[in-house]
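*Asks:* This is the structure, below, for whatever I ask next.
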Amino acid sequence: MLWHKTIGEGPERVIALHGWFGDHRAYAGLFDMLDRQRFTYAFVDYRGYGHSRDLAGLYTIGEVAQDALALAESLGWNRFHVIGHSMGGKAAQKVAIDGGSRVKSLIAITPVPAPAMPVDDATFGFFSGVCDSDETALALIGGSVGDRLSKVWMKHLLAGARATAKPEAFRGYMQSFIRDDLSAGADKVTIPILALAGEHDNGVRAEVVQAVFPQIFPKAALTIEVLANSGHYPMDEIPVYLTTRIERFLGEAAGA
C-alpha cells in the first residue's frame, strides 16, 4: 500500500495525487488551510517517491491509479473524491475512469490530459534531459510558470524532486505520462469534474485543457477554470485561493 498522510476527520474523503517534481509535500502549502471537519484527505507518495521510495513498481501512471484505488479500498472508503496535479492529474483521470461509482468527483490541477501527449522526438528528448540535467530541469520549471518566478524557489522545487524520487522512478513516470494513452472509457464518466489551468503555464497550456477535456469527458459535469496569476504550481503560487476553490467544488459535488 502507498504511504499516505491523512489530514482531517470529515465525512467527505479525498485522495490527493502529486506531480512529477515532488511527493505529498507538493500540497504542504494547503495543509493548514484545509477544512478538517468537512473533509478527510489522504496525500500519497507514489512508488519510488518519498516514504514509498523503496516500494518497487513499474513507475507508470496507470499503476499510480491502481494504487490509489487500492488505497481507498484499504481505508474502507467506498466513495471518495480524487485530486491530481500535473502527471497526478492524468492518474486522477484514470482513477475516475476506472473507479466507476466509487468516485464522487475529480479535480485536475494543471493536468496532463489522459491521452498520450503529441510530442515530437526533440520534445521527448528535452523531457529526457530533465532527468539528468539540473539546467534543463530549471528551464522546464521556469517555462511552466511563465519565466516570472524566483530562481531560489525554482531551485528549491528541483532539489526536493531530486531528493524524493529514485532516478528510475522519475524517468519511468515521465515516459508514462507522455507516451501512455489512458483515455479509454472517459466518454462514460458522468461525475463532476473541475479542471484548473494556469494562466502562465507554458507546459500544460490553458488552451490545451480547454480543448481536450470536453472531448474526452463529453458526459461529465465539466467545469474548466483558468487560474489567474498562476502557472503550473498553484499550490505554491496561489495556495489560499486554490484551497478555497477546491473545497467549494468538493462541497458542491458532495451535495450533487
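*Asks:* More than 22 Å apart: what percent of Cα pairs in region 64-188 qualify?
*Replies:* The proportion of pairs with Cα distances above 22 Å equals 43 percent.
*Asks:* Another one. For the chain, give the percent of accessible area contributed by carbon and sulfur heavy atoms, probe 1.4 Å, rounded to a whole number. Walk me through the intermediate numbers first.
*Replies:* Working: 5380 of 10490 Å².
Roughly 51 percent of what the probe reaches on the chain is carbon or sulfur.
*Asks:* Mind checking which of 90, 151, 166 has the largest fluctuation in a GNM of the chain, springs on alpha carbons under 10 Å?
*Replies:* Taking springs between Cα atoms under 10 Å, the residue moving most is 151.
*Asks:* Output ³J(HN,Hα) for region 165-182: one whole-Hz value per residue in order, computed from phi by the Karplus curve 6.51 cos²θ - 1.76 cosθ + 1.60 with θ = phi - 60°, and x for Gly and Pro.
*Replies:* Going residue by residue, I get 9, 5, x, 5, 6, 4, 6, x, 5, 4, 4, 6, 6, 7, 8, 7, 9, 10 Hz, with x marking Gly and Pro.
*Asks:* Something else now. Hey, can you grab everything whose amide H is under 5 Å from the amide H of residue 17? Only 5+ residues off in sequence or another chain; H modelled, so Pro and N-termini drop out.
*Replies:* 83, 84, 85
*Asks:* Using the Kirkwood radius over Cα pairs, work out the Stokes-Einstein diffusion coefficient for region 37-116 at 25 °C and 0.890 mPa s, in µm²/s as a whole number.
*Replies:* So the translational diffusion coefficient is about 191 µm²/s.
*Asks:* Using a 1.4 angstrom probe, figure out how much accessible area region 79-216 has per residue, in square angstrom, rounded to the nearest whole.
*Replies:* On a per-residue basis, 40 Å².
*Asks:* Moving on. What fraction, in whole percent, of alpha-carbon pairs in region 160-256 exceed 21 Å separation?
*Replies:* Cα-Cα pairs in region 160-256 separated by more than 21 Å: 50 percent.
*Asks:* For every helix of n ≥ 4 consecutive DSSP H residues, a contribution of -39,500 (n - 2.57) applies; sum these over the chain, divide by its total residues, and give [θ] at 222 nm rounded to the nearest 500 deg cm²/dmol.
*Replies:* Working: 10 runs with 110 residues, N = 256.
Rounded to the nearest 500, the figure is -13000 deg cm²/dmol.
*Asks:* Okay, moving on. Arrange the peptides 14-23, 176-185, 192-201, 127-136 so that the one whose residues have, on average, the most other Cβ atoms within 10 Å appears first.
*Replies:* The packing order, highest mean first, is 14-23, 192-201, 176-185, 127-136.
*Asks:* Can you give me the relative contact order of the chain as a percent, contacts being Cα pairs under 8 Å and 6 or more apart?
*Replies:* Working: 523 pairs, mean separation 53.3, N = 256.
Computed value for the chain: 21 percent relative contact order.
*Asks:* So, one more: Which of the GluC sites (Glu not before Pro) found in region 1-98 are in a DSSP loop and have at most 14 neighbouring Cβ atoms, other than their own, within 10 Å?
*Replies:* 9
*Asks:* Give me the angle, in degrees from 0 to 90, between the Cα long axis of helix 134-144 and the longest principal axis of the Cα atoms of the chain, rounded to the nearest 10.
*Replies:* 50 degrees
*Asks:* Oh, and also: Compute the helix-to-body angle for 87-99: its Cα long axis versus the longest principal axis of the chain, expressed 0 to 90° and rounded to tens.
*Replies:* It is inclined by approximately 30 degrees.
*Asks:* Just the Kirkwood number for the chain, please: inverse of mean 1/r across all distinct Cα pairs, in Å, one decimal.
*Replies:* It is 17.9 Å.
*Asks:* Right, here's the next one. Check cross-link reach from residue 104 to the lysines: straight Cα distance under 18 Å, and skip same-chain residues fewer than eight apart.
*Replies:* Reachable lysines: 90, 94, 188, 219.
*Asks:* What net charge do the residues around residue 253 carry, taking every other residue with its C-beta under 13 Å from that of residue 253, with Lys and Arg at +1 and Asp and Glu at -1? Could the numbers behind the result be given before it?
*Replies:* Details: positive: 13, 38, 79, 104, 245, 248; negative: 12, 247, 252.
Counting the neighbours of residue 253, the net charge comes to +3.
The values are calculated or read from the model by the stated rules, or taken from the named source; none is laboratory data. These numbers come from a predicted model, not from an experiment. In this analysis, Cβ positions are derived from the backbone assuming ideal geometry, glycine residues included, and neighbour counts consider all displayed protein chains. Please note that ligands, DNA and RNA were not included when accessible areas were found on the heavy atoms of the full protein model with its side chains. Shrake-Rupley method; radii C 1.70, N 1.55, O 1.52, S 1.80 Å.
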